[in-house]
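Quick notes on the structure that follows.
The values are calculated or read from the model by the stated rules, or taken from the named source; none is laboratory data. From a predicted model like this one, the values you see are computed outputs, not experimental measurements. Positions of Cβ are backbone-derived with ideal geometry, glycine not excepted, and every protein chain shown enters the neighbour counts.
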Amino acid sequence: MSRAEALFAYVSEHHPRSLRGIQEAREVDPAAWDAVAEQFLGWAAGVWGEDGWQARCIDAFVQFSSDVIMAQARYEADGHYENSSFAECNAHVYSQRDVMDDYLWGVFITNFCWSHHMELSLFFRDRFLARLPGAPQMVEIAPGHGGWGVWALKNRPDARLQGFDISPSSIAIASSIAKSAGVADRVTYTQRNALDLATMPTASADAVICSFLIEHLEDPGLLVANIANLLKPGARAYLAGAITAAQVDHIYEFRRESELVVLCEKHGLRVVETMSVSPKRTLPRARFLPRSMGLVLERRDQP
């Protein structure tokens, strides 16, 4: 039995209500899903063992997905995100090691088990990674679970990556996944605030990856400015963000795709290509459509 088949068997037995959503993710591109799932789950098995990855990762994914649905329901009722500062999120999530570990493993599985995230994963691979120059020196800002950067290294054997994250849990999990994937010799993770990267050498990166951090910040413009500062002229970044999509630690409420586009343009980044995707199913009579948006950006030093 493949690990993808084992995932479906485990979900069917333990979390049958989650089965349809994962099937919808596979329907995006069955062949690609099988390959991506097998790869990501292989890394998880390398960390937790063949007898342990299902309970550890799939249970975390189901709990995370349930938490997101409840957060979106509260957002629908209140009309705004429940937290508005890093201090609040730090108290509820980031400073709680057990909570953070479950959160990160849950998010790791969403990359291919949420249909709209599966779409973004393929966009990231095909429209960003495949078009980078040879031997790219990549920077990943807030790698979280590390899956995006590790996948980048597996798709680009000529690349090296330097990752920065404020969370010790993120550093530990990303490092374990990199080791399991066999790319630990090409990646370095450092505990550091993503908003302090202005001290990094200007124009030093061939590529920057930053997935789903921007909505967690009180001032997202600082992050975009740092991305622009890190990129070499003409170099590209991949940025992903959430739009009217609530989570307990989402702070900045983007309501339109154009807000992300304008913010990037304001800081000297050309928007090369975008994809905005939403879940196949949403809350009944919802006012807000939760979306995930990926942007391929290019540094431009002239208007």
For this session: Could you tell me whether Asn155 is in the same structural domain as Ile214 (by TED's automatic domain parsing), among the polar types (S, T, N, Q) and surrounded by fewer than 23 Cβ atoms within 10 Å (Cβ to Cβ)?
Result: yes
Exercise. Taking segment 246-272 on its own, how many of its residues are hydrophobic (A, V, I, L, M, F, W, C) and in a loop (DSSP other than H, G, I, E, B)?
Worked result: 3
Exercise. Under 27 Å from Phe254 (Cβ atoms), in contact with a helix residue (DSSP H, G or I) (Cβ under 8 Å, 6 or more places away or on another chain) and not in a loop (DSSP other than H, G, I, E, B) - does that describe any residue in segment 179-189?
Worked result: no
For this session: Could you figure out which of (1) assigned to a loop (DSSP other than H, G, I, E, B); (2) under 26 Å from Ala174 (Cα atoms) isn't true of Met275?
Result: (1)
For this session: Under 8 Å between Cβ atoms, at least 6 apart or on separate chains: pull out the pairs that start in segment 225-238 with a residue that is in contact (Cβ under 8 Å) with a residue 40 or more places away in the chain and end on any residue that is among the hydroxyl-bearing types (Ser, Thr, Tyr).
Result: Leu230/Thr202; Leu230/Ser204; Lys232/Ser204; Tyr238/Ser211
Exercise. Could you list, in sequence order, the residues of segment 281-303 that are among the polar types (S, T, N, Q) and surrounded by fewer than 17 Cβ atoms within 10 Å (Cβ to Cβ)?
Worked result: Thr282, Gln302
Exercise. Wholly within segment 70-175, which helices (runs of 4 or more DSSP H) include no fewer than the required count, namely at least 2 residues that are among the aromatic types (Phe, Trp, Tyr) and at negative phi?
Worked result: 97-113, 147-155
Seminar exercise, completed: Residue count, segment 161-185, condition within 19 Å of the chain's Cα centre (by Cα) and over 12 Å from Trp43 (Cα atoms), comes to 12
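State whether the residues of segment 44-61 include one that is more than 21 Å from Ser176 (Cα to Cα), assigned to a helix (DSSP H, G or I) and outside the structural domain of Phe212 (by TED's automatic domain parsing). First the steps, then the outcome.
Filtering segment 44-61 down to residues more than 21 Å from Ser176 (Cα to Cα) leaves none.
No, segment 44-61 has no match at all.
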For this session: Could you please give the count of residues in segment 178-189 that are under 15 Å from Ala142 (Cβ atoms) and hydrophobic (A, V, I, L, M, F, W, C)?
Result: 1
For this session: Find all pairs meeting these conditions: Cβ atoms under 6 angstrom apart; at least six residues apart or on different chains; first residue within segment 83-97 and more than 15 Å from Pro168 (Cα to Cα); second residue among the polar types (S, T, N, Q).
Result: Cys89/Asn83
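Going by the structure shown, is Ser66 closer than 13 Å to Val248 by Cβ, within 22 Å of the chain's Cα centre (by Cα), free of Cβ contacts under 8 Å to residues at least 12 places away in the same chain and not assigned by TED's automatic domain parsing to the domain that holds Thr244? Before you say what the answer is, go through the steps one by one.
Details: closer than 13 Å to Val248 by Cβ: yes; within 22 Å of the chain's Cα centre (by Cα): yes; free of Cβ contacts under 8 Å to residues at least 12 places away in the same chain: yes; not assigned by TED's automatic domain parsing to the domain that holds Thr244: yes.
Yes; evaluated as a whole, the condition is true for this residue.
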Exercise. Within the set of pairs 6 or more residues apart or between chains, which connect a residue that is in the same structural domain as Gln96 (by TED's automatic domain parsing) inside segment 249-265 to a residue that is outside any helix (DSSP H, G or I) with Cβ atoms less than 8 Å apart?
Worked result: none
For this session: Mind counting the residues in segment 60-100 that are modelled with pLDDT of 95 or more, within 25 Å of Trp148 (Cβ to Cβ) and surrounded by 17 or more Cβ atoms within 10 Å (Cβ to Cβ)?
Result: 9
Seminar exercise, completed: Here the qualifying pairs (Cβ atoms under 6 Å; residues six or more apart or on different chains; first in segment 165-191 and within 26 Å of Ala135 (Cβ to Cβ); second of a type in the set (Phe, Trp, Tyr) and assigned to a helix (DSSP H, G or I)) come out as Ile177/Trp43; Ser180/Trp43; Ala181/Trp43
